[in-house]
Structures are given as C-alpha cells and as structure tokens.
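Since the structure comes first, as structure tokens, the remarks are kept for the end.
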Amino acid sequence: MRFLLCFPLLFTGAVLFAQSPVFPDDWTGNWKGELHWYKAGQAALQKVPMELRIQKTDSAAWTWHLIYGTPREDSRPYILKPVDRSKGHWVVDEKNGILLDQFWVGNCLTGAFTVSGSTILNTYRMENKELVIDFFSLAAKPLATTGKGDEEIPFVDSYRVTGKQTARLLRQ
C-alpha cells in the first residue's frame with residue numbers, strides 16, 4: 001500500500017522536473033562558448049569565440065546581444081520582443097530598421113531570412129544546460145527545379161547549402 005501512495009508522488013515529481021524551460025525567462029544570462037563555422041566543400045573549419053547576452057529590460061523585451069570574437073571585433077546589441085506570445089511569434093530587432101521574425105517551435109526559437117543572395121535558417125535551443133545555436137546558409141536561388149508540375153508530381157526546388165555554423169554556449 002505504501003508503494004501505491006509513493007508512486008504518484010514520484011511520477012508527479014518526474015513530470016515537474018522534466019518540464020521545458022520557459023522562454024525567454026529561463027534563458028536569461030550571459031552565455032559563452034565557441035562557434036564552429038563549416039563551409040561546403042572545405043575540410044577546415046573556422047572557430048570563433050561567441051557570446052549571447054540575454055537580459056530582461058524594463059519593458060516587455062529582452063536584450064539579444066550577440067558577440068563574435070571580442071566586443072570590439074563584432075558586437076551586435078539586438079533586442080528580442082514578443083509579437084504574439086500565444087502563437088510563439090517573436091522578433092529580433094537589430095535597431096537599424098531590420099526586424100527578423102522568429103518562432104517558438106518545438107522548444108526551439110527558429111527563423112529564416114534572406115540577405116545578399118543567401119537565406120539563413122537559425123535555431124536556438126536548450127540541451128541539458130547548454131544553449132545550442134545553429135545557422136544554416138543556403139543560396140537564395142534554387143539550384144535545381146525537378147518534377148512535372150502537376151498535381152501528382154509537383155515542381156520541387158532544391159537549394160545549395162553553402163555553410164553551417166554551430167555553437168554550444170554555457171551560462172557564465
């Protein structure tokens with residue numbers, strides 16, 4: 001009988017412990033690590049120190065300050081703002097007229113944008129106690145279009161993947 005009484009408590013505790021972090025509140029802090037940059041067709045990778053500083057501001061926004069190398073080399077003090085939290089819609093405001101739409105999907109903050117002929121797909125997610133960041137670069141124009149263009153076999157565009165950047169950051 002004692003076992004039957006303890007089992008629900010253990011199960012409830014496991015469920016509470018396994019809950020996903022609340023975004024972005026549980027992500028606040030200064031994150032630091034190394035970005036690995038891979039380019040298609042090249043064996044060598046480039047390593048760059050990386051930081052992401054996420055802090056609550058006075059308003060309904062958070063800092064989203066990316067630093068590559070040192071703050072003197074490449075500092076990007078953006079702002080993260082909710083557009084529609086109920087739909088998981090956020091925006092990264094670069095404070096220069098550029099707004100990057102982001103979406104909370106499957107415990108990841110993800111978005112895609114095109115600039116200067118390249119489309120960038122980004123994801124930010126928590127794995128264990130690390131903030132894992134991936135950026136995939138694709139040529140904006142299709143490499144090939146295949147298929148017949150009918151209902152049974154539609155046209156399908158495929159794109160050249162030109163690079164991948166990945167970072168694993170730890171809270172400092």
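Nothing in this text is a laboratory measurement; each read-out follows from the coordinates by a stated rule. Computed from a prediction, not measured in an experiment: that's the story for all the values here. As a convention, Cβ positions derive from the backbone with ideal geometry for all residues, glycine included, and neighbour counts pool all protein chains shown.
Of the trypsin sites (Lys or Arg not before Pro) found in segment 99-172, the ones in coil according to DSSP and having at most 16 other Cβ atoms within 10 Å of their Cβ are Lys129, Lys148, Arg160. With helices as the sole contributors, the chain gives -3000 deg cm²/dmol at 222 nm; each DSSP H run of n ≥ 4 counts as -39500 (n - 2.57), and the sum is divided by every residue. Between the Cα long axis of helix 2-17 and the first principal axis of the chain there is an angle of about 30°, rounded to the nearest 10. Placing +1 on each Lys and Arg Cβ and -1 on each Asp and Glu Cβ, with no other charges, gives segment 83-172 a dipole about its Cα centre of roughly 440 debye. Applied to segment 56-68, the Karplus parametrisation 6.51 cos²θ - 1.76 cosθ + 1.60 on θ = phi - 60° returns per-residue 3J(HN,Hα) values of 5, 9, 5, 9, 7, 8, 10, 5, 9, 9, 8, 10, 10 Hz, with x for Gly and Pro.
The smallest convex shape that holds all Cα atoms of segment 109-168, its convex hull, gives 107 Å³ per residue.
Computing mean projected area of the Cα convex hull in nm² for the structure here picks out one of (i) 16.7; (ii) 11.6; (iii) 10.6, namely (i).
In segment 23-171, taking the dipole from charged Cβ atoms about the Cα centre, the farthest positive-side position among Gly33, Trp64, Val115 is held by Gly33. Largest GNM mean-square fluctuation across Leu66, Leu131, Leu143, computed for the chain with C-alpha springs under 10 Å, falls on Leu143.
Can you put Glu127, Glu151 in order, fewest other beta carbons within 10 Å first?
With the fewest neighbours first, Glu127, Glu151 line up as Glu151, Glu127.
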